[in-house]
Structures are given as C-alpha cells and as structure tokens.
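The block underneath contains the structure these notes are about, expressed in structure tokens.
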Amino acid sequence: MDVLVLIGRILFCVLFLNSAVGHLTKTKAMAGYAASRGIPAPAAATAGSGLLLLAGGLMVAFGVWADLGALLLVVFLVPTAFLMHAFWKETDEQTKTVEMITFFKDISLAGAALMLMAFFSYAGHDLGLTLTGPLFHIS
C-alpha cells in the first residue's frame, strides 16, 4: 500500500507542480489574465499562488507534513475556482463551458485534497514512504 500511496501522491501533484512552474516563470502573462478577472495586485497574486502551489505540491509529493501541503492546495483551489473561473458571469457559451469545467475541476480537486489531508492526518506515521509524519492529528 505504501508504494501505491506514494505513486498516487506524485501523480496528484503533477498538475500543481506544473502550474507552479507556469505561475513562477510566466508571471507577467498570467498576471495579465488575473488582472482581467479583477484580481488586485495581479503580479503579486500570481507569484504568491505559484509559491503556494509549489509548497503544497512538494509537501504532498515528498510526504513532508503532507496534511499541511494538502491544506495549502485547498487554500489555492477554492478561491481560484470562484475568482478566476466564475462561469456564471460569462455570456459567451463556449467561454462559459470552459470556465464551468475548470471551476468544477478546481472544486473537485479541493475535495480530493481535503480527503488527502484527513487521510494523512489520520494515518500519521503508519503511512510509510513519507519524510515526516503529519502536522495535524485527526482521530
């Protein structure tokens, strides 16, 4: 089971780590998109969210306080879904569809990250192939 959880953690984090690289290397372009969505201080928000994605993704992938890492991903995903992918505001049907898919992807991933947080917190040190145990302890 330990190896399956490790593989699952890594596969789960590929999306977040790839996004982190984009946020941190294409900050100007991504900040332009954030600005178009009304995000204040878009360059700082883009860089900050990139660091949040990087920290959360690496923590889950490597099992360093993976429960906290999963929570960091939730902290990114939920506001991003509502602020960046507000499909209900769109009038163009194609744009609305794309934003709706992205909104529900983010919300679903937030749910998965919450479950991972609970899983890591509950399993504690019994879950192998992590560098540390959990920060939180859910019983």
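Each row is one residue, and each column tells you yes or no for (1) out of contact with any strand residue (DSSP E or B) (no Cβ under 7 Å at 6 or more places or on another chain); (2) of a type in the set (Lys, Arg); (3) within 18 Å of Ile7 (Cα to Cα); (4) touching a residue at least 12 places away in the same chain (Cβ under 8 Å).
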site	(1), (2), (3), (4)
Gly57	yes, no, yes, yes
Val75	yes, no, no, yes
Thr91	yes, no, no, no
Thr97	yes, no, no, no
Phe136	yes, no, no, yes
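Can you name every residue in segment 104-139 that is farther than 17 Å from Val75 by Cβ, assigned to a helix (DSSP H, G or I) and not acidic (Asp, Glu)?
Residues satisfying the conditions are Phe104, Phe119, Tyr122, Ala123, Gly124, His125.
Under 8 Å between Cβ atoms, which residue pairs at least 6 apart in sequence (or on different chains) link something in segment 112-128 that is surrounded by 19 or more Cβ atoms within 10 Å (Cβ to Cβ) with a partner that is modelled with pLDDT under 90 and β-branched (Val, Ile, Thr)?
Filtered contacts from segment 112-128: Ser121/Ile138.
Taking the condition without any contact (Cβ under 8 Å) to a residue 60 or more places away in the chain, in contact with a Phe, Trp or Tyr (Cβ under 9 Å, 6 or more places away or on another chain), in a helix (DSSP H, G or I) and within 29 Å of Gly133 (Cβ to Cβ), does Gly48 pass?
Values: without any contact (Cβ under 8 Å) to a residue 60 or more places away in the chain: yes; in contact with a Phe, Trp or Tyr (Cβ under 9 Å, 6 or more places away or on another chain): no; in a helix (DSSP H, G or I): yes; within 29 Å of Gly133 (Cβ to Cβ): yes.
Taking the combined requirement at face value, the residue does not satisfy it.
Could you please let me know if Gly69 is touching a residue at least 60 places away in the same chain (Cβ under 8 Å), in contact with a helix residue (DSSP H, G or I) (Cβ under 9 Å, 6 or more places away or on another chain) and of a type outside the set (A, V, I, L, M, F, W, C)?
Taking the combined requirement at face value, the residue does not satisfy it.
Just name the residue that is surrounded by the fewest Cβ atoms within 10 Å (Cβ to Cβ) out of those in segment 36-60 that are touching a Cys at 6+ places or on another chain (Cβ under 8 Å) and of a type in the set (A, V, I, L, M).
Out of the qualifying residues, it is Leu58.
Just one of (1) aromatic (Phe, Trp, Tyr); (2) under 13 Å from the mean Cα position of the chain (by Cα); (3) more than 23 Å from Ile10 (Cβ to Cβ) trips up Phe76, so point out which.
Evaluating Phe76 over (1) aromatic (Phe, Trp, Tyr); (2) under 13 Å from the mean Cα position of the chain (by Cα); (3) more than 23 Å from Ile10 (Cβ to Cβ) leaves (3) as the failure.
Mind checking which residues of segment 56-102 are closer than 15 Å to Phe119 by Cα, of a type in the set (Gly, Ala, Ser) and assigned to a loop (DSSP other than H, G, I, E, B)?
Gly63 - this is the single residue of segment 56-102 that is closer than 15 Å to Phe119 by Cα, of a type in the set (Gly, Ala, Ser) and assigned to a loop (DSSP other than H, G, I, E, B).
Restricting the search to segment 21-45, which residues are assigned to a loop (DSSP other than H, G, I, E, B) and closer than 17 Å to His85 by Cβ?
Initial filter on segment 21-45 (assigned to a loop (DSSP other than H, G, I, E, B)): 26, 37-41.
Passing the criteria: Arg37, Gly38, Ile39.
Being modelled with pLDDT under 95 and either assigned to a helix (DSSP H, G or I) or aliphatic (A, V, I, L, M) (or both) is the requirement here; does Val5 meet it?
Values: modelled with pLDDT under 95: yes; either assigned to a helix (DSSP H, G or I) or aliphatic (A, V, I, L, M) (or both): yes.
The answer is yes for Val5.
The values are calculated or read from the model by the stated rules, or taken from the named source; none is laboratory data. These numbers come from a predicted model, not from an experiment. Cβ coordinates were reconstructed from backbone atoms using ideal geometry, including for glycine residues, and neighbour counts include every protein chain displayed.
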